[in-house]
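Peer 1: My questions will all concern the structure given below.
The values are calculated or read from the model by the stated rules, or taken from the named source; none is laboratory data. Since the structure is predicted, the reported quantities are computational estimates derived from the model, not experimental observations. In this analysis, Cβ positions are derived from the backbone assuming ideal geometry, glycine residues included, and neighbour counts consider all displayed protein chains. Areas reflect the complete protein model, heavy atoms only, side chains present, ligands, DNA and RNA absent. Shrake-Rupley method; radii C 1.70, N 1.55, O 1.52, S 1.80 Å.
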Amino acid sequence: MEEQVQEVLTKLRPFLLRDGGDVELIDVDEDGIVLIRLMGACGNCPSSTITLKAGIERALRSEVPGVSEIEQVF
């Protein structure tokens, strides 16, 4: 599952980089919880929660079977 998550993040990365941000995969646990770190401009952006839930989580849940939730690590 971790490899599939990484592939989706690679697809999303150009959109984040365009806004001066990036994303780092920290871990995927056995319950399907994905831990990520938003970096650069995305790390402290007021819209980071929307990016995380409406963008990244939606993409991961639709493309990677077994992903249940995304949590941000600071």
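Peer 1: Where both residues lie in the chain, what percent of DSSP beta bridges are antiparallel, nearest 5?
Peer 2: Within the chain, antiparallel bridges account for around 65 percent of the total.
Peer 1: Send over the Kirkwood Rh of the chain, from the inverse of the averaged 1/r over different Cα pairs, rounded to one decimal Å.
Peer 2: Radius from the Kirkwood sum: 12.0 Å.
Peer 1: Further question: Within a Cβ distance under 13 Å of residue 57, other residues only, what is the Lys/Arg minus Asp/Glu net charge?
Peer 2: Result for the neighbourhood of residue 57: 0.
Peer 1: Which Cα, out of 36, 21, 66, lies furthest along the positive dipole direction of the chain (beta carbon charges, K/R +1, D/E -1)?
Peer 2: Final value for the positive-end residue is 21.
Peer 1: Given a 1.4 angstrom probe, I'd like the percentage of the accessible area of the chain that is carbon and sulfur, rounded to a whole number.
Peer 2: That fraction is 52 percent.
Peer 1: Give the residue list of GluC sites (Glu not before Pro) in the chain that are DSSP loop and have at most 10 other beta-carbon atoms within 10 angstrom.
Peer 2: Filter output for the chain: 30.
Peer 1: May I ask you to give the solvent-accessible area per residue for the chain, in square angstrom, as obtained with a 1.4 angstrom probe?
Peer 2: 60
Peer 1: Something else: To the nearest 10 degrees, how steeply does helix 2-18 sit against the main Cα axis of the chain, on a 0 to 90 scale?
Peer 2: Helix 2-18 sits roughly 20 degrees off the main axis of the chain.
Peer 1: Please compute the contact order of the chain in relative form: average sequence separation of alpha-carbon pairs under 8 Å and at least six residues apart, divided by the residue count, as a percent.
Peer 2: Value for the chain: 35 percent.
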